[in-house]
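Trainee: Just dropping this structure here.
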Amino acid sequence: MSAHARGPATSHSRPATRLLLALAAALVAFSLAAAPCVAYAAANSSTTSTTTSTTQTSTTAPSSNDKVSLSAGSDGPGSNITIMGSGLAADAPVTASFGNLTFKLPLQLKGDCTTNAEGGLAGCTFLVPSLPHAQYTVTVSDGTNSLTATFTIPVLSIPDSTLMVTGTSLGLSLVTQLVTRRVVDLDAERRMKAEVSAFTKEKREATLAKDKAKLEKLKKRELPMRQEQAKVSTARLKVTAITFVPLLAVYYLMASYLGGFTVIVAHSPVPIPYLVGSNGTMALFWWYMLSSFTVSTLMSRLLHTTP
């Protein structure tokens, strides 16, 4: 493709769009770089965790005042998980087990694993055992009272899940861009964009100058131009029609394989409201959306498929 044909694809980039793209790309890069470090630190951690978040947990308790929760409801083997609880016996040491219907594995607890005067528990941690992907029950007991919470070991742990979702985003984006180059007449699209821009400028100048004769001429040109613009734009809709169902199917299969749309697949070094949990984790849906936006934007610039 000639330099002339590529020109319009980059000359009209807006600073705000470039800044947003740069921030998203930086977050993807930082997350991919940080994921192995975070996973290694979690697997080798021997210090007390003070995490107090309660994301993605499911609890079963005798009453609304008696409950136990975990700092994460899903994570890979070796991850450091903090137990928080209430409604236990006062000033009592606790034990915990990790298991399902067929077995119970005693957990080696670290940190402050004695309840306070109100029967509350905080700062007691354990490492997720090396067990297969499944949903397990964490049981906490003071010797008399027992409370439970559910915990899921995912199919893939961070950073493998991070790389899988990012790689899937890259592959799907590449397919979309190749279909775009096949279906859309990019040169015609760029010419139409330049024509519309010139027409709009000319009409604005004629309006300011109150040039009625010129406005009448422009009015006669406007309808045919809009019709041609609609034809060119229809090609973009064809791309969506071709790729929407396959892309949705791939995303659904990936989510099913990893364990659901809310399974944790990445760590983020940047706190983003709604996207990143209080413990610095990102669920599949948000990480996939961020990866797809970043990768598709970069890919469209690289392959010159932007109008």
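Trainee: Does Arg190 fit the bill of being outside the structural domain of Leu105 (by TED's automatic domain parsing), among the charged types (D, E, K, R), crowded, with 16+ Cβ neighbours inside 10 Å and modelled with pLDDT of 85 or more?
Mentor: Details: outside the structural domain of Leu105 (by TED's automatic domain parsing): yes; among the charged types (D, E, K, R): yes; crowded, with 16+ Cβ neighbours inside 10 Å: yes; modelled with pLDDT of 85 or more: yes.
In short, yes.
Trainee: Answer yes or no: is there a residue in segment 125-142 that is over 32 Å from the mean Cα position of the chain (by Cα) and either surrounded by fewer than 14 Cβ atoms within 10 Å (Cβ to Cβ) or of a type in the set (Gly, Ala, Ser) (or both).
Mentor: Yes, segment 125-142 contains a residue that is over 32 Å from the mean Cα position of the chain (by Cα) and either surrounded by fewer than 14 Cβ atoms within 10 Å (Cβ to Cβ) or of a type in the set (Gly, Ala, Ser) (or both).
Trainee: Then there is this: State whether the residues of segment 224-244 include one that is touching a Leu at 6+ places or on another chain (Cβ under 9 Å), surrounded by 15 or more Cβ atoms within 10 Å (Cβ to Cβ) and β-branched (Val, Ile, Thr).
Mentor: yes
Trainee: Moving to a separate point now. Applying the selection to segment 172-212, what residues are assigned to a helix (DSSP H, G or I), of a type outside the set (A, V, I, L, M) and without any contact (Cβ under 8 Å) to a residue 12 or more places away in the chain?
Mentor: Residues of segment 172-212 assigned to a helix (DSSP H, G or I): 172-183, 186-209, 212.
Right, trim to of a type outside the set (A, V, I, L, M) and you get 173, 176-177, 180-182, 187, 189-191, 193, 195, 197, 199-205, 207, 212.
Of everything in segment 172-212, those that are assigned to a helix (DSSP H, G or I), of a type outside the set (A, V, I, L, M) and without any contact (Cβ under 8 Å) to a residue 12 or more places away in the chain turn out to be Arg182, Arg191, Ser197, Thr200, Lys201, Arg204, Glu205, Thr207, Lys212.
Trainee: May I pose another question? When the residues of segment 258-287 are filtered to those that are under 11 Å from the mean Cα position of the chain (by Cα) and of a type in the set (Ser, Thr, Tyr), which remaining residue is farthest from Ser169 (Cα to Cα)?
Mentor: The extreme case among them is Tyr274.
Listed here are the residues, each with its yes/no results for (1) closer than 30 Å to Ser233 by Cβ; (2) of a type in the set (A, V, I, L, M, F, W, C); (3) in the same structural domain as Tyr252 (by TED's automatic domain parsing).
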residue	(1), (2), (3)
Thr115	no, no, no
Gly120	no, no, no
Val140	no, yes, no
Thr162	no, no, yes
Ser197	yes, no, yes
Glu205	yes, no, yes
Lys210	no, no, yes
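Trainee: Let me ask you something else. Which of the residues spanning segment 149-170 are small (Gly, Ala, Ser) and either touching a Pro at 6+ places or on another chain (Cβ under 9 Å) or in contact (Cβ under 8 Å) with a residue 24 or more places away in the chain (or both)? Write out each step before concluding.
Mentor: Just the residues of segment 149-170 that are small (Gly, Ala, Ser), to begin with: 149, 157, 161, 167, 169.
Ala149, Ser157, Ser161, Ser169 - these are the residues of segment 149-170 that are small (Gly, Ala, Ser) and either touching a Pro at 6+ places or on another chain (Cβ under 9 Å) or in contact (Cβ under 8 Å) with a residue 24 or more places away in the chain (or both).
Trainee: Are any residues in segment 288-307 farther than 16 Å from Arg181 by Cβ and without any contact (Cβ under 8 Å) to a residue 40 or more places away in the chain, and if so, which ones?
Mentor: Met289
The values are calculated or read from the model by the stated rules, or taken from the named source; none is laboratory data. Given the structure is predicted, the values throughout are model-derived calculations rather than measurements. Note: ideal-geometry Cβ built from the backbone for every residue, glycine included; neighbour counts use all protein chains shown.
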